[in-house]
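The values are calculated or read from the model by the stated rules, or taken from the named source; none is laboratory data. Note that the coordinates shown come from a computational prediction; the quantities given were computed from them, not determined experimentally. Note that each Cβ is placed from the backbone with ideal geometry, even for glycine, and that neighbours are counted across all protein chains shown. Just so you know, the surface numbers come from the protein's heavy atoms only, side chains and all, with ligands and any DNA or RNA stripped out. Shrake-Rupley method; radii C 1.70, N 1.55, O 1.52, S 1.80 Å.
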Amino acid sequence: MDFQPPEREVRQHSYQLYLVESQGELLFVEKLMNPIFGQFYYDVHKLNFSACNKVECLKVERLQERCLVLSTYEPAASTSLSTLDFPELEANSIYVTQEESTLLQGNHQLYSKVEAYNLENKGFKTIFTSEVYRRGTLHSPLLWIVPNPCKV
């Protein structure tokens, strides 16, 4: 099968790639860095499988009433959720966990955080930040647990 990655005017550097199923479609999600501003952002493409053994990447501008939940530590565990079933989540957003470090008084201190990236306004919003822990201490990475909503 022939796969053509998305074309870009300016060369971008992919930091992480995800495949996410959403309503029967396969989405290709890239975490990219803008080389001019040094900021991260996400691009979403729908993979269109043709009869000619080619895979076409179609840009997704809106996720409608859905959001993507990306797992940094286990990319295969990434998923798509309905914001109608989970109204506390923001539509057209990508939720992601990440670990960051800061240097404070000569010590590296690590913390985990959850952010939401909005595809429309291209901005990040911090949802949660963990307590700081020191490098070398035991800690569990942030993991997504998705309940199965039952409709009665």
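Once the whole set of protein chains is in place, how much accessible area is left on THR129, using a 1.4 Å probe, in Å² to the nearest 10?
Accessible area, nearest 10 Å²: 70 Å².
Loop-only trypsin sites (Lys or Arg not before Pro) in the range 50-88, please: DSSP not H, G, I, E or B, and at most 16 other Cβ atoms within 10 Å.
Passing sites in the range 50-88 are ARG62.
Can you pull the one-decimal nm distance between simple spin-label points at GLU99 and PHE128, each 7 Å off the Cα toward Cβ?
1.7
Filter the cross-link list LYS54/LYS125; LYS46/LYS122; LYS59/LYS125 down to pairs whose alpha-carbon distance in this structure exceeds 27 Å.
Listed pairs above 27 Å: LYS54/LYS125.
Return the distance in nm (one decimal) between the two label points of a simple spin-label model at GLU61 and ASN121, each offset 7 Å from Cα along Cα→Cβ.
For the pair GLU61/ASN121, the computed spacing is 1.9 nm.
Counting Lys +1, Arg +1, Asp -1, Glu -1, what net charge surrounds GLU90 among other residues with beta carbon under 12 Å of its beta carbon?
Net of charged neighbours comes to -2.
VAL55 accessible area, nearest 10 Å², 1.4 Å probe?
That residue has around 10 Å² of solvent-accessible surface.
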